[in-house]
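The values are calculated or read from the model by the stated rules, or taken from the named source; none is laboratory data. No experiment lies behind these values; they were computed from the predicted model shown. Heads up, the Cβs are rebuilt from the backbone with ideal geometry, glycines too, and the neighbour counts pull from every protein chain shown. Surface areas here come from the heavy atoms of the whole protein model, side chains and all, with no ligands, DNA or RNA. Shrake-Rupley method; radii C 1.70, N 1.55, O 1.52, S 1.80 Å.
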Amino acid sequence: MPDLYDQLKKLDRHTRYPYHMPGHKRNPQAGPMADVMAIDITEIDGFDDLHDASGILLEAEKKAAKIYGAEETHFLVNGSTAGVLAAVSTACAAGRETAGAAQYPLLLAGRNSHLSFLHAAYLMQADVQWMIEEELTDGDARIPGTVYPAEVMEALSKASAAGRLPAAVFVTSPTYYGVIGDIPSIVEIAHSYGVPVIVDEAHGAHFGLIQGLPDSAVHAGADLVVDSLHKTLPSLTQTALIHVQGALIDRTKLRRFLRIYQTSSPSYVLMASIDSCMTMIRERPELFGGVLLYKQIILEQGRAWKHLRFLSGQLVQDPCKIVVTTASCRMTGRELYDILLENYHIEPEMAYGDEVVLILTGMDTEDGIEALLWALTEVDNFLEREGANAASSPKPSLPEMCPPEAACGIADAWDAPAEEILLKDAAGRVSAELIAPYPPGTPLLCPGERIGEDAAARIRALASAGVRVRGIGDRDGELTVRAVKQDR
Ligand SMILES: Cc1ncc(COP(=O)(O)O)c(C=O)c1O
């Protein structure tokens with residue numbers, strides 16, 4: 001079977017003149033992006049329908065499933081976001097089928113779940129029971145951890161005793177910081193209760209592809225696994241996959257939700273990119289192994305620094321992530337990020353607190369790696385010359401957060417009459433918004449949760465450190481939040 005891209009390249013306006021959408025008509029005069037438009041179609045004759053695949057797309061999806069070792073794989077053109085929405089909705093709909101339509105589904109999830117999980121819970125009117133991940137430390141540095149099997153075990157045994165099992169366990173692995181969860185054990189525990197496991201593997205599309213890379217959640221037996229190809233593999237932005245296996249997931253429902261959440265005009269440019277990426281993995285797997293060597297070289301070189309430090313590979317197990325910490329020097333992560341960007345033209349993925357996250361892939365080049373190491377070494381030398389260290393100049397750290405206190409359900413709060421109030425007056429009120437620093441896009445406060453002094457302090461600290469926080473506002477220079485109206 002030829003690649004989708006080969007099929008698209010054969011399109012010729014002279015033999016097949018388009019009296020159909022898209023409006024650019026594959027006309028070479030259609031503007032500066034006409035080259036891309038030449039292969040930009042949706043479901044025309046001879047091609048296939050993503051929402052009812054039976055021809056070349058079905059074949060391409062089967063090819064992807066084989067590469068990942070999944071029973072069934074679907075292409076996603078709306079990113080992992082669509083995959084998470086569809087996975088959670090499928091599990092919730094099945095939960096309602098068994099528990100009765102009147103009962104809200106329950107989800108058991110790691111608190112560091114991506115916004116798309118929250119959005120799905122809202123759409124399905126689900127209650128969420130959170131498992132709060134422990135912070136992991138490496139010297140002075142702190143990063144969010146992942147969910148441990150023991151927490152899943154405890155939560156499920158309590159849920160079972162209370163007669164309300166969750167519709168699914170939702171776990172993120174690897175995390176934004178490259179921490180990997182014990183998915184095989186979590187799957188074993190959840191399955192012993194008959195509960196499916198959804199793994200948000202958006203950052204781990206490379207897992208399991210070649211020897212030496214961490215194993216994938218598909219191999220660990222997770223029921224639904226979502227992979228963002230565009231994050232760590234050579235594939236266009238928005239491209240992702242969802243894999244399904246086992247008998248706990250209703251595949252008809254999954255297809256229904258994929259139709260609901262994905263565009264009805266899927267782009268063949270994106271789908272061809274997925275297919276080409278699969279061909280590369282199959283035919284040139286060595287390209288993806290480069291990352292292992294790069295990471296080793298990078299960590300090795302960092303050992304000579306006196307102020308900056310890479311977090312250890314034991315914590316950041318994902319070979320595609322490197323985390324630099326400024327915890328023991330006067331600089332903040334954001335300052336390091338800005339220096340790398342402005343002075344060295346290196347753009348990291350994220351800065352949060354004292355940590356800067358960088359994504360490494362098999363498509364990096366030796367020049368790129370050298371430039372990064374040179375830049376970081378220069379910054380470290382600069383810090384040494386300045387004689388700046390933590391002891392002489394303390395810097396503000398992010399205030400600790402207490403466990404969230406839910407006053408009402410997510411959907412109840414998000415749909416309730418709300419008002420914008422000043423953050424300084426918000427203590428004790430119920431949040432009517434999802435408040436999340438982005439990236440990483442994990443909740444600081446969910447709709448329905450009480451706004452404590454701890455959350456207000458953290459929001460203030462993040463905003464003043466230059467972190468983008470979604471869900472807050474600004475009134476004449478004062479931070480605002482949306483709270484559920486009190487007199488309802
Ligand atoms: C953990 C996690 N899951 C899901 C997503 C959504 O992925 P996408 O951008 O492919 O829609 C993200 C985005 O960054 C993420 O970090």
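Which pairs, out of LYS25/LYS62; LYS62/LYS253; LYS66/LYS231; LYS62/LYS321; LYS9/LYS62; LYS25/LYS63, put more than 25 Å between their alpha-carbon atoms? Violating the 25 Å limit, Cα to Cα: LYS25/LYS62; LYS62/LYS321; LYS25/LYS63.
For region 313-372, what class follows from the C-alpha gyration tensor (a ≥ b ≥ c being the square roots of its eigenvalues): rounded when a/c is under 1.5, otherwise prolate if a/b is larger than b/c, else oblate? It would help to have the intermediate numbers written out before the result.
Values: a/c = 2.24, a/b = 1.18, b/c = 1.89.
The shape class here is oblate.
Principal axis extents of the C-alpha atoms in region 233-293 (largest first, rounded to whole Å): 41, 30, 17.
Could you give the C-alpha radius of gyration of the chain expressed as a fraction of 2.2 N^0.38 Å, taking N as the number of residues it contains?
Details: Rg = 23.7 Å, N = 488, 2.2 N^0.38 = 23.1 Å.
After normalising by residue count via 2.2 N^0.38 Å, the value is 1.02.
Under the rule that an exposed site lies in a DSSP loop and has at most 14 other Cβ atoms within 10 Å, name the longest stretch of the chain with no GluC sites (Glu not before Pro) of that kind, not counting the sites themselves. Mind showing how you got there, number by number?
Details: sites that count: GLU71, GLU134, GLU400, GLU405.
The longest uninterrupted stretch comes out as 135-399.
Entry comment: accessible area of region 65-187 is 36 Å² per residue, from protein heavy atoms only and a probe of 1.4 Å.
Loop only by DSSP, 16 or fewer other Cβ within 10 Å of the Cβ. Give me the chymotrypsin sites (Phe, Trp or Tyr not before Pro) in region 100-198 that pass, ordered by residue number. Could you put the intermediate results ahead of the total?
Values: sites: PHE117, TYR122, TRP130, PHE170, TYR176, TYR177, TYR193; in loops: TYR176, TYR177, TYR193.
Those satisfying the criteria are TYR193.
Under 1.5 on a/c is rounded, so check that first for region 92-175, then, if it is not, pick prolate when a/b is larger than b/c and oblate when it is not; a ≥ b ≥ c are the square roots of the alpha carbon gyration tensor eigenvalues. Oblate.
For the chain, what is the calculated [θ] at 222 nm in deg cm²/dmol (nearest 500), taking -39500 (n - 2.57) for each run of four or more DSSP H residues and dividing by its residue count? Working shown, then result.
Values: 15 runs with 174 residues, N = 488.
Mean residue ellipticity, 222 nm, calculated: -11000 deg cm²/dmol.
For region 410-484, give the percent of accessible area contributed by carbon and sulfur heavy atoms, probe 1.4 Å, rounded to a whole number. Each step should come with its number before you reach the end.
Details: 1310 of 2950 Å².
Its accessible area is 44 percent carbon and sulfur atoms.
Solvent exposure of region 265-332 amounts to 39 Å² per residue of accessible area, where only protein heavy atoms count and the probe is 1.4 Å.
As a fraction of the 1.4 Å probe accessible area of region 288-386, surface on carbon and sulfur atoms comes out at 46 percent.
Taking the accessible area of region 50-283, probe 1.4 Å, and keeping the other protein chains in place, the carbon and sulfur fraction comes to 51%.
Take the alpha carbon gyration tensor of region 20-111, find the square roots of its eigenvalues, order them as a ≥ b ≥ c, and report rounded if a/c is under 1.5; if not, report prolate when a/b exceeds b/c, else oblate. Note, shape of region 20-111 comes out prolate. Solvent-accessible area per residue in region 335-436 equals 51 Å², computed with a 1.4 angstrom probe and all protein chains kept. Distance from the C-alpha centroid of region 93-154 to that of region 428-488: 20 Å, rounded to the whole angstrom.
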